[in-house]
Amino acid sequence: MKKIILSCLVGLCLVLSIGCKEKSFSIDVSGKNITNIVTDGYDRLCYEYKDPSNGAYYIVICDSKGNKDEYGPYTLNSPPVFFYDDNTLAYIAKSKDEFEFYLNGKKTDSYDNLNIELALFYNRNMMFFVVEKAGKFYITNGRDKFGPYDNIGEIKLSLDGKRISYPIQTNGEWRLTIDNKVIDMKPDFFNVANFSPDGSVFAFWALYDNEWFIIKNNEKIKTENKTKGELYSIIISPDNKTMAYSIQDSNGLWYLINGDKKMGPYERCFPYTFTQDSKNLIYSAKIDGKYYVFNGDKKNGPYENISYLASSADGKKIAYFVLENGKLYLFYDNKKIAEYFPGGYKIHFSNKNNILSYNAIRDDEELCNYVLIDGIPYIGDACKDKVAYLKDGKIIVEVK
C-alpha cells in the first residue's frame with residue numbers, strides 16, 4: 001500500500017466560500033471516476049475514485065484547509081464509513097488474496113474471506129463484517145473483534161452503533177448474542193434481535209414448545225403467530241411506545257400488528273417502518289400477487305416487489321426501492337426518481353435536514369452512496385448539517 005501525503009494540493013482545487021462561517025467549500029475532481037463520497041458532518045471529507053487504466057481504487061481524505069492524504073491502490077473496497085464517535089475513517093480493501101481492514105489508511109488486520117452478504121452497510125455510524133480466518137468466523141469493524149465462532153448469522157445494530165445483536169454457532173448449537181454476550185435464554189428457534197431507535201429496548205422472536213413469543217428486554221410475550229419459520233423483524237417506534245411486527249396464521253396468510261391494531265390479511269407483509277415522528281407505520285403488503293405501500297390512509301402501487309422503506313423526520317416524505325423487470329427503481333414522494341441495478345442496501349434521511357441518502361448499484365455495477373437534492377440524485381453523503389455531492393466535476397460541501 002502506498003500512502004501519499006501532500007502538503008500542497010496538486011491537481012486539486014479547493015475553494016473556500018468567502019465569509020462563510022460553516023466552511024462550505026468545493027474540490028475539483030474533474031477527470032476522476034468518483035465512486036463514493038463521505039462527509040463527517042464537520043470539516044473532513046473522504047472520496048473514493050477508480051483508476052480506469054488498472055481498475056484499482058484509491059481513498060482520499062481531505063478537508064477545507066487543504067490537507068490531503070491519499071491511500072491505495074486497492075483491488076476491492078467497501079463504501080467508506082466515518083465512525084460516529086471519533087471521526088476515524090474505516091474501510092475494507094482487498095490486496096492480493098486477503099481482505100484487509102484500514103482505519104484512517106492504516107491496516108489493522110487481514111482475513112482469508114469476507115461474507116459480503118453479511119456486511120452491515122445500513123448504519124453510517126459503524127460497519128461490521130463477518131470474516132473468516134483459519135476456518136473460524138469473527139465479527140469485526142476493523143477496530144473491535146469478537147470470536148472465534150463456528151458460524152455467525154445476521155447482524156443488527158442500534159442507530160447510534162453502540163448496541164449489537166447477532167446469532168452465533170459453537171459446538172453445533174446456535175445461540176443469540178446481545179452486546180457480544182450470549183443471552184441465558186435457549187429457545188427452540190429464534191431470530192436476530194432488533195433495537196429501538198434509542199437503543200434502550202431490544203426485541204426478537206423465540207419459539208418454545210411450538211409457540212411463538214416476543215422477547216422484549218427479557219420479557220416473554222405470547223403471540224398468535226403460527227408461522228413455520230418465516231420471520232420478520234420486530235420494530236419499535238422512535239418514542240418507544242409501540243411495537244410492530246407481522247404474524248402468519250395457520251392458513252399461511254399474514255397480518256401486521258401495530259400496537260393493539262391488527263391489519264390484514266395479506267399474502268405477505270414486509271418491509272415496515274415507523275415514521276420518525278412515531279405517528280404512522282409505513283408498510284408494504286402483497287395483495288392479489290402485487291405489492292403496495294401504505295402510509296396512513298394512502299395506498300401506492302401496484303408494484304412487482306418492494307424493499308427498504310424510510311421516512312423523513314417530519315413523516316411527510318417517504319422513500320423506497322421498487323423491483324420491476326429485473327431493475328431497481330428509487331421512489332421518493334411517490335415518484336420514480338432513478339433506475340439502478342438490483343441491490344440497493346439502505347435508505348435513510350438525515351435527521352437535521354431531511355436529505356435523502358441511499359446506496360445503490362449504478363450502470364457500471366459500482367456500489368455508490370447517493371444523496372437526493374432538489375429531486376436529482378448525486379453521488380454524495382449527508383451528515384449532521386453538511387451535505388457533500390458530486391456535480392459538474394466538483395465535490396461540493398455545503399450546509400443544508
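The values are calculated or read from the model by the stated rules, or taken from the named source; none is laboratory data. Quick caveat, the model's predicted, so the values are computed rather than measured. With ideal geometry, Cβ positions are generated from the backbone for all residues, glycine too; neighbour counts draw on all protein chains shown.
Residues in region 89-118 that are hydroxyl-bearing (Ser, Thr, Tyr), touching an Asp or Glu at 6+ places or on another chain (Cβ under 9 Å) and under 20 Å from residue 59 (Cα atoms): how many?
3
Is region 130-146 home to any residue that is under 30 Å from residue 276 (Cβ atoms) and part of a strand (DSSP E or B)?
Checking region 130-146: at least one residue is under 30 Å from residue 276 (Cβ atoms) and part of a strand (DSSP E or B).
Of (1) in a loop (DSSP other than H, G, I, E, B); (2) in contact with a Lys or Arg (Cβ under 8 Å, 6 or more places away or on another chain); (3) farther than 25 Å from residue 150 by Cα, residue 192 satisfies all except one. Which?
All conditions are met except number (3).
Kindly check whether there is at least one residue in region 43-51 that is modelled with pLDDT under 90, in a loop (DSSP other than H, G, I, E, B), on the phi > 0 side of the Ramachandran plot and touching a strand residue (DSSP E or B) at 6+ places or on another chain (Cβ under 6 Å).
No: zero hits.
Given 53, 30, which one is surrounded by fewer than 15 Cβ atoms within 10 Å (Cβ to Cβ) and without any contact (Cβ under 8 Å) to a residue 12 or more places away in the chain?
The match here is 53.
Taking residue 244 as the residue in question, decide whether it is closer than 23 Å to residue 266 by Cβ, in contact with a Gly (Cβ under 8 Å, 6 or more places away or on another chain) and not charged (D, E, K, R).
When the stated conditions are applied, residue 244 passes them.
Please go through region 154-176 and give me each residue that is crowded, with 18+ Cβ neighbours inside 10 Å and either within 21 Å of the chain's Cα centre (by Cα) or of a type in the set (Ser, Thr, Tyr) (or both), ordered by number. Walk me through how you get there before you give the answer.
Within region 154-176, the subset crowded, with 18+ Cβ neighbours inside 10 Å is 155-159, 161, 163-168, 176.
If the condition is that a residue be crowded, with 18+ Cβ neighbours inside 10 Å and either within 21 Å of the chain's Cα centre (by Cα) or of a type in the set (Ser, Thr, Tyr) (or both), then 155, 156, 157, 158, 159, 161, 163, 164, 165, 166, 167 are the ones that fit.
Table: residues versus (1) in contact (Cβ under 8 Å) with a residue 40 or more places away in the chain; (2) under 28 Å from residue 38 (Cβ atoms).
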position: 130; (1), (2): no, yes
position: 143; (1), (2): yes, yes
position: 146; (1), (2): no, yes
position: 167; (1), (2): no, no
position: 182; (1), (2): no, no
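Just one of (1) of a type outside the set (Gly, Ala, Ser); (2) assigned to a loop (DSSP other than H, G, I, E, B); (3) closer than 14 Å to residue 395 by Cα trips up residue 79, so point out which.
(3)
For a quick check of your reading of the model, give me the residue pairs whose first member lies in region 360-387 and is in contact (Cβ under 8 Å) with a residue 40 or more places away in the chain and buried (at least 22 other Cβ atoms within 10 Å of the Cβ), whose second is β-branched (Val, Ile, Thr) and assigned to a loop (DSSP other than H, G, I, E, B), with beta-carbon atoms closer than 6 Å and at least 6 apart or on different chains.
From residues that are in contact (Cβ under 8 Å) with a residue 40 or more places away in the chain and buried (at least 22 other Cβ atoms within 10 Å of the Cβ), the pairs are 382/355; 387/355.
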